[in-house]
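A quick write-up on the structure given underneath.
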Amino acid sequence: MLDWIQVRVGSFQVVALVTALVVFKKILDRLQDRLPFPPGPKGIPWVGNVLQMPLDKQWMKFADWAKIYGPVVGLKLFGKSIILLDDYESASDLLDSRGAIYSSRPDMPLANRYGGFSHALTTLPYGDLFHLQRKFMNRALNPSAMNLWLPMIAENARAFALNVLESPDKIRQFNRMYAGSNILMMAYGYKVDSPDDPWILRAHEATQTIESLGNIGAHPIDIFPILGNLPFRIWGKDFLTNMATMKRLLHEMSWIPYNTVKQQFFTGSAPACMVTSLLEENAKGAEVQNETSIIWASMMAYGAGADTTVAALDTFIIAMMLNPNVQKKAQAEIDNLLQGERLPALEDRQSLPYLEAILKEVHRWQPVAPLGLPHAVIEDDEYKGMHIPAGSMIIFNLWSMLHNSKDYPDPESFNPDRYIREDDGKITFRKDVRDPEDLAFGFGRRLCPGRHFASASLWLATAMLLAVFDISLPVDEDGNPILPDLDYENGIVSHPKPYKCVLKPRSEHSVESLSS
Ligand code: HEM
């Protein structure tokens, strides 16, 4: 009897507890529902902010909105939520600290379902495939794995400077060749001998085709996926052609290099590279496990890594033309260390802090990816009294974070000195100025896996250029300097418009060291 009563009381308690929990959860949900969506420009019913979305230099408009509504701005596009993060604090709070729920990517049906991107790491949602490809990337690009690639990058930097010496007016092509050679060698052991290499040209064409499709994620098909069922010709002939070209190029970029290495692997002649080591781990007899992920992880190293490095190096050259004093100070630092006896090597990096400050300023002054890549949040969340709905697209405005005058006074000027203190000629880095490299490569679990590779490639090329050349502005027939256009192109990766520059060897000795 007593037992029965105890069971009854026990069950009653369990039922009461469960009921209380359900009610509590409902109250919490209600409260969360009642939390306001982040403030933002008032849209129109159903359509939301569609008509206010800027088509050009979105980062500028987003920064203007943040000045009005605060660092976390909410937008709606036909009911879809977009959250703009305008300061480092909110980006780091959400994307770093709450990375477990803020590390997905928005669904982009146009690129993923119809454009051939479905296995690309850059667009993969948070999940098993994402983890697998990140693991593949990190294995090839982590700081200690970098030791494998550094001699090759150093050799390519020297070849880059030699090419520029012979044809200085082709520096932009050689820049593309340099960035591409480094990554193709790392990923596939493929050696590039000319700026017209078919692998380089194909990748360049693919990038341009992708950019020509406009803001990825903002096409009507991305907003109403059902529209993808309509015949594609309704979007125009150019769209049709670009989509077909993009799909073809992506397929070629991923399969041709991979198949070349795979064949070499099975005949015992594969070069040491990312794909070879992934094949070593994943080949079981003639079968290759996780083959699609191997193909896409290696391809995305090129897809995401080449164009970004090119843009940063172009910005460096432009900054040096426009700021001769900065250039002279960096050259003096190099000359002081090397005494004209040899060319710079990566071992010198610690000893050249001013060059380091220049690279920080390159990342800040004209950020390569002004809006990074959008993340997506997979659960409802609450931040500083605001409700962030599950599925929201999260855009972090790197341009704005790197151009705010509180952190970086006079943000439009190129000023590496902002990061350093100088005492008796000894340079130390200021701890009170945020390092742009902490932002420029993104956040949390989607942080750029190629950042160490990019950093080494940029350092070696810039040190080499400064050691060997004086970089200056070209002049017109009347002797007036021809200034580069600082109105950068629109795009996920923002490039400067075509520019001209003059590169003159600084001394016979540096030219000799380059050729020897
Ligand atoms: C100056 C050079 C570079 C810059 C400024 C840069 C910047 C970025 C940024 C902002 C992101 C987005 C991060 C996020 O979503 O939070 C990203 C992602 C990525 N980057 Fe880089 N990157 C550079 C070079 C490279 C290189 C050299 C590689 C490869 C060798 C690379 C591979 C990738 C990949 C695969 C992703 C996608 C990661 C993911 O979705 O999980 N990047 N990068």
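The values are calculated or read from the model by the stated rules, or taken from the named source; none is laboratory data. Only a predicted model underlies this, so the values are computations on that prediction, with no experimental measurement involved. Virtual Cβ from ideal backbone geometry, glycine too; neighbours counted across all protein chains shown.
Which one is surrounded by the fewest Cβ atoms within 10 Å (Cβ to Cβ), of the residues in the stretch 357-384 that are out of contact with any helix residue (DSSP H, G or I) (no Cβ under 7 Å at 6 or more places or on another chain) and not in a loop (DSSP other than H, G, I, E, B)?
Looking only at the stretch 357-384, we keep the residues that are out of contact with any helix residue (DSSP H, G or I) (no Cβ under 7 Å at 6 or more places or on another chain), and these are 374, 376-379, 381, 384.
From what is left, the residues that are not in a loop (DSSP other than H, G, I, E, B) are 376, 381.
Working: 376: 20, 381: 18.
Going through the qualifying residues, I end up with 381.
Is it true that some residue in the stretch 359-367 is more than 16 Å from the ligand (Cβ to nearest atom), out of contact with any Ser or Thr (no Cβ under 7 Å at 6 or more places or on another chain) and not hydroxyl-bearing (Ser, Thr, Tyr)?
In the first step, residues of the stretch 359-367 are kept if they are more than 16 Å from the ligand (Cβ to nearest atom); the result is none.
So far as the stretch 359-367 goes, no, none of its residues is more than 16 Å from the ligand (Cβ to nearest atom), out of contact with any Ser or Thr (no Cβ under 7 Å at 6 or more places or on another chain) and not hydroxyl-bearing (Ser, Thr, Tyr).
Are there any pairs with C-beta distances below 8 angstrom linking a residue in the stretch 68-93 that is among the charged types (D, E, K, R) to a residue that is assigned to a strand (DSSP E or B), with the two at least 6 apart or on different chains, and if so which?
Sorted first by the residue in the stretch 68-93, then by its partner, the pairs are 76/48; 76/82; 80/48; 80/393; 86/72; 86/73; 93/383.
Take residues that are touching a Leu at 6+ places or on another chain (Cβ under 8 Å) and away from the ligand (no atom under 12 Å from the Cβ) and tell me which of the strands (runs of 3 or more DSSP E) falling wholly in the stretch 386-501 contain 2 or more.
On the way: elements: 386-388, 393-396, 420-423, 426-429, 469-472.
Qualifying strands (runs of 3 or more DSSP E): 386-388, 469-472.
Going by the structure shown, is residue 246 within 13 Å of residue 111 (Cβ to Cβ) and of a type outside the set (Gly, Ala, Ser)? Walk me through how you get there before you give the answer.
Values: within 13 Å of residue 111 (Cβ to Cβ): yes; of a type outside the set (Gly, Ala, Ser): yes.
Judged against the criteria, residue 246 is a match.
Mind checking whether some residue in the stretch 280-302 is in contact with a Leu (Cβ under 9 Å, 6 or more places away or on another chain), buried (at least 23 other Cβ atoms within 10 Å of the Cβ), touching a residue at least 40 places away in the same chain (Cβ under 8 Å) and over 22 Å from residue 129 (Cβ atoms)?
So far as the stretch 280-302 goes, no, none of its residues is in contact with a Leu (Cβ under 9 Å, 6 or more places away or on another chain), buried (at least 23 other Cβ atoms within 10 Å of the Cβ), touching a residue at least 40 places away in the same chain (Cβ under 8 Å) and over 22 Å from residue 129 (Cβ atoms).
So which helices (runs of 4 or more DSSP H) are wholly in the stretch 119-206 and hold at least 1 residues that are free of Cβ contacts under 8 Å to residues at least 24 places away in the same chain, buried (at least 19 other Cβ atoms within 10 Å of the Cβ) and among the aliphatic types (A, V, I, L, M)? Please lay out each step first, then the result.
Values: elements: 128-141, 146-166, 171-188.
Qualifying helices (runs of 4 or more DSSP H): 171-188.
For the stretch 278-333, how many residues meet the condition of being more than 15 Å from the ligand (Cβ to nearest atom) and among the polar types (S, T, N, Q)?
Final tally of qualifying residues: 8.
For the stretch 89-99, check the following and say yes or no: at least one residue is modelled with pLDDT under 95, out of contact with any His (no Cβ under 9 Å at 6 or more places or on another chain) and under 30 Å from residue 65 (Cα atoms). Steps first, please.
Going through the stretch 89-99, the residues modelled with pLDDT under 95 turn out to be none.
No, because not a single residue in the stretch 89-99 is modelled with pLDDT under 95, out of contact with any His (no Cβ under 9 Å at 6 or more places or on another chain) and under 30 Å from residue 65 (Cα atoms).
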